[in-house]
1. Return a yes/no flag: does segment 178-186 have any residue that is at pLDDT below 95, part of a loop (DSSP other than H, G, I, E, B) and not charged (D, E, K, R).
2. Which pairs do you get when a residue that is within 12 Å of Val79 (Cβ to Cβ), found in segment 101-122, comes within reach of a residue that is surrounded by fewer than 18 Cβ atoms within 10 Å (Cβ to Cβ), reach meaning Cβ atoms under 6 angstrom, with the pair 6+ apart or on two chains?
3. Quick one: is Ile27 open to solvent by less than 70 Å² (accessible area, probe 1.4 Å), in a loop (DSSP other than H, G, I, E, B) and not small (Gly, Ala, Ser)?
4. Please pick out the residue among Pro7, Pro51 that is exposed (fewer than 14 other Cβ atoms within 10 Å of the Cβ) and in contact (Cβ under 8 Å) with a residue 24 or more places away in the chain.
5. Output the residue which, of all residues in segment 100-142 that are in a loop (DSSP other than H, G, I, E, B) and farther than 28 Å from Glu17 by Cα, is least open to solvent (accessible area, probe 1.4 Å).
6. Counting only residues that are aliphatic (A, V, I, L, M) and open to solvent by 10 Å² or more (accessible area, probe 1.4 Å), which one in segment 148-169 is nearest to Ala217 (Cα to Cα)?
7. Among the residues of segment 76-99, how many are out of contact with any Pro (no Cβ under 7 Å at 6 or more places or on another chain), in a loop (DSSP other than H, G, I, E, B) and of a type in the set (A, V, I, L, M)?
8. Under the condition of being of a type in the set (S, T, N, Q) and out of contact with any strand residue (DSSP E or B) (no Cβ under 6 Å at 6 or more places or on another chain), which residue from segment 1-31 is farthest from Glu143 (Cα to Cα)?
Amino acid sequence: MGADFKPDMVAGHSLGELSALVAAGAISFEDGLRLVAARAMAMQKACEAAPGTMAAIIALPDEQVEAICAEVSTDAAVVVPANYNCPGQLVISGHKEAIDAACVRLKEAGAKRALVLPVGGAFHSPLMQPAKEELEAAIAATEFRKPVCPVYQNVDGLPHTDPEEIKANLIQQLTASVLWTQEVGNMVQAGATEFTECGPGAVLQGLIKKIDKTANAHGIV
């Protein structure tokens, strides 16, 4: 980021939370790259140990998706809400057989779509527990500083400035839901009116506008 980049608050979706921490000065760019690599390696191992997948559920209230996941999920075949992307778009994650069963139930309940995604694993679910344990060591070995502005984090959608809280939330993120809908809503309530998505693509800009139609969102590469 340039010297004139002075955010009032930052957030990142899943892996993007590391970018947000770099932007806020909580970690160095070099440490951010190291954590990205460590996270990728740990998650790949977890995917190989416990194969799974994810599915996007469109146009069904979050509460119904949560309830059906809870009904379908068992100790042997887990399915949980993973990414609260925007109102009417929730991604679920877990073992393939549980995802398939949940998709059938969700379509019967009125979901417009229940689309299995072409991903390599069950991210943001209990299947990522081994990755969480491995990444914890990498995070513990990284220097975290007080950020220059609040960092809104995925696990609770709330602002954080304490380095130890930020580290703990970053560790929990691998197995927890990404509360992006709640996160952006809380940022708007805190006064955010202008959102800048850093990097190629415009996915987050679209989600932000669906979460709050009054928000302005644009991108920079």
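1. Initially, segment 178-186 is screened for residues at pLDDT below 95, giving none.
Checking segment 178-186: not a single residue is at pLDDT below 95, part of a loop (DSSP other than H, G, I, E, B) and not charged (D, E, K, R).
2. Ala114/Lys107
3. Details: open to solvent by less than 70 Å² (accessible area, probe 1.4 Å): yes; in a loop (DSSP other than H, G, I, E, B): yes; not small (Gly, Ala, Ser): yes.
So Ile27 passes the test.
4. Working: Pro7 fails: exposed (fewer than 14 other Cβ atoms within 10 Å of the Cβ).
None of the others qualify; the one that does is Pro51.
5. As a first pass, look at segment 100-142 and keep what is in a loop (DSSP other than H, G, I, E, B): 109-112, 117-125, 141-142.
Subset that is farther than 28 Å from Glu17 by Cα: 109-112.
Working: Ala109: 40, Gly110: 47, Ala111: 13, Lys112: 161 Å².
The extreme case among them is Ala111.
6. Residues of segment 148-169 aliphatic (A, V, I, L, M): 148, 151, 155, 158, 166, 168.
Now restrict to residues that are open to solvent by 10 Å² or more (accessible area, probe 1.4 Å): 148, 155, 158, 168.
On the way: Val148: 22, Val155: 23, Leu158: 20, Ala168: 29 Å.
Looking at the filtered set, the residue picked out is Leu158.
7. Selection size over segment 76-99: 2.
8. Residues of segment 1-31 that are of a type in the set (S, T, N, Q), as a first pass: 14, 19, 28.
Pick out the ones that are also out of contact with any strand residue (DSSP E or B) (no Cβ under 6 Å at 6 or more places or on another chain) and you get 19, 28.
Numbers: Ser19: 15, Ser28: 8 Å.
Among those residues, the one meeting the criterion is Ser19.
The values are calculated or read from the model by the stated rules, or taken from the named source; none is laboratory data. Computed from a prediction, not measured in an experiment: that's the story for all the values here. FYI the Cβ positions are ideal-geometry reconstructions off the backbone, even for glycines, and counts take in every protein chain you see. The protein model used for the area step is the full one, side chains on, heavy atoms only, and it has no ligands, DNA or RNA in it. Shrake-Rupley method; radii C 1.70, N 1.55, O 1.52, S 1.80 Å.
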